[in-house]
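Coordinate-derived values only; no laboratory data. Since the model is a prediction, treat every value here as computed from it, not as a measurement. Neighbour counts are summed over all protein chains in view; Cβ atoms, including those assigned to glycine, are modelled from backbone coordinates with ideal geometry.
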Amino acid sequence: MNKPTNKMNNVGRPSAPNITETHTDHPTFTGNKALQINEPLLFEVGSVEQTGVDIAAPRDVSANRLGGLDRDEEIGLYGLSEPQTMRHYVRLSQKNFAIDSGMYPLGSCTMKHNPRINEKIARLPGLADIHPLQPQQTVRGAIEVIENLADWLMKLTGMAAVAMSPKAGAHGELCGMMAIEAALRARGEATKRTKVLIPESAHGTNPATAVFVGYQVQTIKTRDDGTVDPATIREALSDEVAAIMLTNPNTCGLFERDIMEIADAVHEAGAYFYCDGANFNAIMGRARPGDLGVDAMHINLHKTFSTPHGGGGPGAGPVVLSEALAKFAPVPFVHRNADDNIVSLVEHKQGTQAFGRMTAFHGQMGMNTRALAYILSHGQDGIKQAAEDAVLNANYVKAKLKDVLTPSFEEQSPGFKRPAMHEALFQDDFLKDTGITTLDFAKAMIDEGFHPMTMYFPLVVHGAMLIEPTESESKDTLDQFIATMRDLAKSAQNGETERFLNAPFHAPMRRLDETLAARKPILKWTPNAD
Amino acid sequence: MSKFYTEDHEYAFIDGDIATIGVSHHAQDQLGDVVFVELPEKGTTFEKGDEIAVVESVKAASEVYTAVAGEVIEVNSLLEDAPETVNAGAETVGWFIKIKMSNTADTEGLLDETAYQTHIAD
Amino acid sequence: MRYLPHSPTDRKEMLDAIGVSSIDDLFAEIPAAVRVENGFGLPNHATELEVDRFFRKQSDKNLAASAAAFFVGGGAYRHHVPATVDHLIQRSEFLTAYTPYQPEISQGTLQTLFEFQTQVAQLYDMEVANASMYDGSTGTGEAVLMAHRATKRKKAIISGGVHPQYIEVIENLSDFGEKSVLKMPANVEVLGHAEIAQIIELLDNETSCVVVQTPNFFGELADFTALADAVHAVKALLIVVVTEVVSLGAVKAPGTMGADIVVGEGQSIGVGLNFGGPYVGLFATTKKLLRQMPGRVCGETVDADGKRGFVLTMSTREQHIRREKATSNICTNAGLCTLAFTIHMTLLGEKGLRKMAMASHNGAVILAERLSKITDVDLLTTSFFNEFTIRLNGHNANDIVNALAAQNILAGLPVSRLLPHNQSDDLLVIAVTETNSDEDFDLLETALREALS
């Protein structure tokens, strides 16, 4: 044994779990659960006295020039020191599910991997730290990036032009429909053509957009197999119809197989074809919307081209336009001068046929750089492969789940063997008589470590579950997901309602009372509130 | 008082030339927890079939149309702060508005209570 | 391809499980005539290093604000954003989450939105704020449409002091919705209180709203209290636009002056210049108009255990439920930029914001005095925050700006860049922030003096 003078540690400690101790789920004193720490609001941890910045003292002036409009009363803004700020927001971040931490199969949202090279290049000073209104000769490199991305988007879609300024998908829809209205005005048919045809399966932004531009919406029934019947369209078409708004692949995850016939019918009737490009990820590199007869289509850069979803934006929604609509694209747009080969931004509509302006400045440059980095990384071969893997993954999930969940449009069309595109759609028949809803099922998925799929959309099937795995998921992850979904479905059918009805049990929060939130809206923190 | 319903689940309970308008018990059940009711102002006049209100739950919204024409003489002020009143008693305390009818014949073609019960059982 | 996990074996096994022999079978629905078989004549995939090199080359062609003496404003401002902000917004959990549809696993995003809404309401001195719009200009367009809905009228009167591109956005939306816009002239000499008097004369029972901006496009400040009273007298709404949110650390808030809707750009806080986007639109109103407000809203509630939490609420106003009757078609908004805004504002706090505001203002006061001593320079703005307009008598401001850019001085915004037909070729709008050094001031003054001589 060691002599007492020796400095070596000779006192042992428990170093294996005490296996005789029975596990009890006792509440902690703090309410915290190890890594999950309750974090109060900023206004409960900070104060109006605190700050986390050091700013040089303002220069001395003899008098201010605020014209007597000084803000004398306290604003009430709360501050935190830098380390407190760091901890506050890191702790909050830990309450979020994210693609980086797990599978996020949210249908129609295309939650794919966000490469970090995109973040790195988007922060280069010559691309991030430039002002939209500094002289154009000092920002040619940035304008060329916009031009380069525009070129890829036009070639991938087979379209004549692209409006790069729309700020998100819905803003792109608005831009596309405005271009259509502008074309109708130029033809002198705008007052006559007041209707827009929209299938009932469409995303809610489509009808909202059409009304925004002043159109009446005529809803089109989808046929039993979830697609649009060209005969129904032909019946609805007349010289009062301005356009059809169709999503392809559609919100049921299916390719509109008669799309070309529909496009022809629409064009014969003198109307235009707006395509909602939310699901372009499924066909990019394999088909060009321009060849399908599309006149305008927005592309969600935050879906298809992987700019981060950021908790709900920022997005970007460039709109590709056909030859018929190209000249009506809004300002600004990139122009390359034939004489000196110099690029510039055309910022004023005077002297052009541009319909107007969608936003101040030039659109989402920060998203353009990221999307172009994604596109260049993939190249045309990688883009095609990504679409193929996205479609492969969705069909794999569908094939492995269709005996336990209820795939949509199979019962209505016995022997229905058509592939899904990049999304697999199920409905809640398999939960019939279990007392468990699609919502309960989704909340149980949270406990299993998966973000739920899109629920209750599209509206055309009951209790919809729209699963979009994207190309980013490995086969191993898909197999785990599939096994979990099978376990949950069997558990539901075996009457194990406990697992579902009050789920989630293991998330940072239990189910929240949305009724209370809507009935008595509390939309900001107030000092001394109850 | 005689009770009339539309196929779209509005009711008009008639007492003389005064109609009490609201949504049926069945309708509130379908909507779920009602969180907001948008009501017209007193003094507004409506034609039969006009939109008079919007009733909202957390994930759904429905326009409400009047089955009879006339002028709004009273609005249920309870609903402003306590929209849950509609769930508590859609056909009693949760009524929307009272209308002084301009044409008492408007009730022709509406469903009576028995016919409505049959309609929702289908 | 580094982003795609499947091996050829995986793909083969998966095709077998699906029961098809090749991937082409899954694309069989695409009409044969339009299938792309041989690519697009575009390059194949690139390495990360190649991508990095390409963008560095593009970046190096530009003159970054940080590499210049920088005085450009006009709706986008260069302020210092602490490193903490950019680190935190790149946390995976914030960066790669989407709209918080599942509140139980999205409290991080939701709680920051609640903090954001509170900060915006405080800054504007308004009762409620939403969870953001795309940017200030689109938010302003939506504010006008909201006023039309709320008042059931169609005529908007727009001050000539509103940012010209914001006006273009309003005009564009009004053009397609058949609404009328009465645009006041953008005459720097009559803006401010003289213009307010003219607007009051024009108010009538068809006016849905009046849109004014503070500080206005030329930098001038004005008190809108009397205007608000006059607008309310005809049951119309006052919309106040704020493009430089930092001004609210020094200047009386629009809410205090009686605004019904306050809308603006939040880019100055946390976001950076980004060549014009993404930015973050701030939008606030009164409780009375809450149901007419566009955009997402986060609200407080409790969970099944009675614990406080946050959810997206009042979504019946929105497109995914209301469809063609929605208050707006907006869906994805400015998520990550709201987070950047909130974190930066938290770091600043009341003290930091006020100091940043006064550093910007006092710098502008000093620079304005220095420049106005140059022969041929007239200072046209009397009350201002951090931006003022000078007339370069007999000189084309655009030419001067171009000449100074060659010396790495970005001297400001020529008014003619945005208003080419306004006979304002000699007007230059100059912005100052806490980032401008004394050396910047010296460089600008010297270069401008030389250019004008």
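Tally the DSSP beta bridges in the stretch C:83-345 and give the antiparallel ones as a percent, rounded to 5. DSSP beta bridges in the stretch C:83-345 are roughly 45 percent antiparallel. Applied to the stretch A:214-221, the Karplus parametrisation 6.51 cos²θ - 1.76 cosθ + 1.60 on θ = phi - 60° returns per-residue 3J(HN,Hα) values of x, 8, 8, 9, 10, 7, 10, 5 Hz, with x for Gly and Pro. Computed over chain A, relative contact order equals 17 percent, with contacts defined as Cα pairs under 8 Å that lie 6+ residues apart.
Packing here is the average count of other Cβ atoms within 10 Å per residue, and on that basis the peptides A:115-126, C:364-375, highest first, run A:115-126, C:364-375. Helix content alone sets the calculated 222 nm mean residue ellipticity of chain C: runs of n ≥ 4 DSSP H residues at -39500 (n - 2.57) each, divided across all residues, give -12000 deg cm²/dmol. When GluC sites (Glu not before Pro) are flagged only if DSSP places them in a loop and at most 11 other Cβ atoms lie within 10 Å, the longest unflagged stretch of chain B comes out as B:42-107. Helices in chain A that qualify as membrane-span-like (whole DSSP H runs, Cα extent of at least 18 Å along the helix axis, mean Kyte-Doolittle hydropathy of 1.6 or higher) do not occur. Distant-in-sequence amide contacts of C:Leu237, defined by a placed amide H-H separation under 5 Å and a gap of 5 or more residues or a different chain, comprise C:Cys209, C:Val210. Residue by residue, the stretch C:65-75 carries 3J(HN,Hα) couplings of 4, 5, 9, 9, 7, 10, 9, 8, x, x, x Hz when phi is fed to the Karplus relation 6.51 cos²θ - 1.76 cosθ + 1.60 (θ = phi - 60°); x denotes Gly or Pro. Tell me the GluC sites (Glu not before Pro) within the stretch C:1-85 that lie in a loop according to DSSP and have at most 12 other beta-carbon atoms within 10 Å. Passing both the DSSP loop test and the Cβ count: C:Glu37.
With a simple spin-label model that places each label point 7 Å from the Cα along the Cα-to-Cβ direction, the separation between A:Glu496 and C:Val302 comes to 3.1 nm. Within 10 Å of the Cβ of each residue in B:91-97, the mean number of Cβ atoms contributed by other protein chains is 0. Peptide C:84-91 is shielded by partner chain Cβ atoms: per residue, an average of 5 of them sit within 10 Å of its Cβ.
Indicate, rounded to the nearest 5 percent, the antiparallel portion of the DSSP beta bridges found entirely in the protein assembly as shown.
70
Of the residues C:Tyr101, C:Tyr134, the one with the fewest other Cβ atoms within 10 Å heads the list, and the complete ranking is C:Tyr101, C:Tyr134.
Among the GluC sites (Glu not before Pro) in the stretch A:23-76, those located in a DSSP loop and surrounded by at most 13 other Cβ atoms within 10 Å of their own Cβ are A:Glu49, A:Glu73, A:Glu74.
The calculated 222 nm mean residue ellipticity attributable to helices in chain A amounts to -10000 deg cm²/dmol, summing -39500 (n - 2.57) over DSSP H runs of n ≥ 4 and dividing by all residues.
Averaged over the residues of peptide C:244-252, the number of Cβ atoms from other protein chains lying within 10 Å of each residue's Cβ is 3.
Ranked by the mean number of other Cβ atoms within 10 Å per residue, highest first, peptides A:226-236, A:342-352 order as A:226-236, A:342-352.
For chain A, give the share of DSSP beta bridges that are antiparallel, in percent and rounded to the nearest 5; count only bridges with both residues there.
55
Calculated mean residue ellipticity, 222 nm, chain B: -4500 deg cm²/dmol, from DSSP H runs (n ≥ 4) at -39500 (n - 2.57) each, averaged per residue and rounded to 500.
For A:Ala63, what is the net charge nearby, where nearby means another residue's Cβ is under 15 Å from its Cβ and Lys, Arg count +1, Asp, Glu -1? Local net charge: -1.
The mean of 1/r over all pairs of different alpha-carbon atoms in the protein assembly as shown, once inverted, gives a Kirkwood hydrodynamic radius of 30.8 Å.
Counting only aspartates and glutamates at least 8 places from C:Lys152 when in the same chain, those with an alpha carbon closer than 13 Å to its own are C:Glu206. Residues whose amide H lies under 5 Å from that of C:Val302, counting only those 5 or more places away or on a different chain, are A:Asp513, C:Gly309; hydrogens are built 1.01 Å from N in the peptide plane.
Measuring between alpha carbons in the structure, the pairs from A:Lys112/A:Lys303; A:Lys33/A:Lys95; B:Lys59/C:Lys288; A:Lys400/C:Lys12; A:Lys120/A:Lys475 lying more than 19 angstrom apart are B:Lys59/C:Lys288; A:Lys120/A:Lys475.
The GNM of chain B, with springs linking C-alpha atoms under 10 angstrom apart, assigns the highest mean-square fluctuation among B:Thr107, B:Thr20, B:Thr44 to B:Thr44. Here C:Lys373 is the anchor, and the lysines within straight C-alpha reach of less than 29 Å, apart from those fewer than 8 places off in the same chain, are C:Lys355.
Per-residue Cβ neighbour counts within 10 Å put C:Leu380, A:Leu301, C:Leu392, C:Leu49 in the sequence C:Leu49, C:Leu380, C:Leu392, A:Leu301, beginning with the fewest.
The tail of the calculated P(r) for the stretch A:119-375, taken as Cα-Cα distances beyond 30 Å, holds 25 percent of the pairs. The phi torsions of the stretch B:41-50, fed into the Karplus equation with coefficients 6.51, -1.76 and 1.60 and a -60° offset, translate into couplings of 7, 4, x, 6, 10, 10, 8, 4, x, 5 Hz, rounded to whole numbers, with Gly and Pro shown as x. Among the trypsin sites (Lys or Arg not before Pro) in the stretch C:219-306, those located in a DSSP loop and surrounded by at most 13 other Cβ atoms within 10 Å of their own Cβ are C:Lys235. As a proxy for reagent exposure, A:Arg223, A:Arg499 were ordered by neighbouring Cβ count within 10 angstrom, fewest first; the result is A:Arg223, A:Arg499.
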